[in-house]
């Protein structure tokens with residue numbers, strides 16, 4: 001059962017907030033439609049919960065960015081009977097928590113150690129112990145042998161080109177089987193850098209398919225949906 005936020009953490013629905021209000025709010029609510037049910041997730045954006053230790057790579061994971069809202073909303077209409085889902089650079093964990101609310105049984109939210117206390121707070125607040133997504137550290141480029149996801153999700157993780165080779169290595173490891181797929185969104189900030197990342201993925205034999213978004217659907221969530229790019233990444237050419 002979803003907890004009701006205490007007065008100190010009163011959360012407004014994201015559709016009723018301006019961009020600046022959402023980014024500065026200690027929390028907001030996001031609705032997930034699972035069949036005939038609506039689950040209201042509370043996204044806690046409390047940077048003080050992150051560790052005092054400096055992250056290995058600069059982190060902006062203490063708040064929910066536009067690309068995460070767009071990806072969460074897109075996945076609500078395209079969820080599959082996935083067994084395991086992994087979110088990279090999860091930050092607050094909104095996208096992964098959305099998949100868990102949609103019924104994906106094993107959701108693993110990953111990030112640097114710096115963000116894990118905030119991630120843990122979010123999953124504990126929104127899910128009972130028996131239905132809770134897992135939280136774990138994952139440094140890009142590190143060998144991972146115990147994760148075998150059907151789907152990988154990530155939003156706004158293309159802000160540091162120096163770690164692209166490590167990120168590409170991790171994505172290739174996670175998309176180890178032909179049936180695995182990744183959905184990635186980002187807000188266009190440096191088109192040349194972002195295009196280079198896509199080329200690096202394609203250089204490893206991955207197929208990157210840009211998906212057109214119906215901007216009107218997302219306009220109530222983000223101010224400039226036309227600036228959000230969505231890619232489907234897989235080892236096969238299948239589109240969907």
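Coordinate-derived values only; no laboratory data. The structure displayed is predicted, hence computed values, not measured ones. All Cβ positions, even for glycine, are placed from backbone atoms using ideal geometry, and neighbour counts span all protein chains on display.
Enumerate the whole-percent occupancy of each 10 Å bin, from 0 to the last occupied one, for all C-alpha pair distances of the stretch 111-172.
Spelled out per bin, shortest first, that is 17, 46, 31, 6.
Between helix 164-174 and the chain, what is the angle of the helix's C-alpha long axis to the longest principal axis, kept within 0 to 90° and rounded to the nearest 10?
With both axes taken from Cα atoms, the answer is about 90 degrees.
From the mean inverse distance of alpha carbon pairs (Kirkwood) and the Cα radius of gyration, derive Rg over Rh for the chain.
Across the chain, the Cα-based Rg/Rh ratio is 0.93.
What full-extension length gain, to one decimal in nm, is calculated for residue 36 and residue 49 as 0.36 nm per residue of separation minus the Cα-Cα distance?
Values: separation 13, 0.36 × 13 = 4.68 nm, distance 3.43 nm.
Here the segment from residue 36 to residue 49 would lengthen by 1.2 nm.
Listing 111, 66 from the residue with the fewest other Cβ atoms within 10 Å to the one with the most, what is the order?
Placing the least packed residue first, the sequence is 66, 111.
Using a Debye calculation, one point per C-alpha and no hydration shell, please list log10 I(q)/I(0) for the stretch 34-157 at q = 0.13, 0.19 Å⁻¹ in order.
-0.46, -1.02
Give me the log10 of I(q) over I(0) for the stretch 183-240 at q = 0.28 Å⁻¹, as the Debye formula computes it from C-alpha points; what are the numbers?
Each listed q corresponds, in turn, to -1.16.
Compute the separation of the alpha-carbon centres of the stretch 188-205 and the stretch 133-147 and state it in Å as a whole number.
Rounded to whole Å, the Cα centres lie 23 Å apart.
Of the residues 147, 71, 158, which exhibits the maximal mean-square fluctuation in a Gaussian network model of the chain defined by a 10 Å Cα contact cut-off?
147
What ranking do 100, 155 get, fewest neighbouring Cβ atoms within 10 angstrom at the top? All intermediate terms of the calculation are to be shown ahead of the outcome.
Details: 100 25, 155 28.
Starting with the residue having the fewest Cβ neighbours, the order is 100, 155.
Where does each of 182, 193, 97 land when they are ranked from fewest to most other beta-carbon atoms within 10 angstrom? Could the numbers behind the result be given before it?
Details: 182 21, 193 13, 97 29.
Starting with the residue having the fewest Cβ neighbours, the order is 193, 182, 97.
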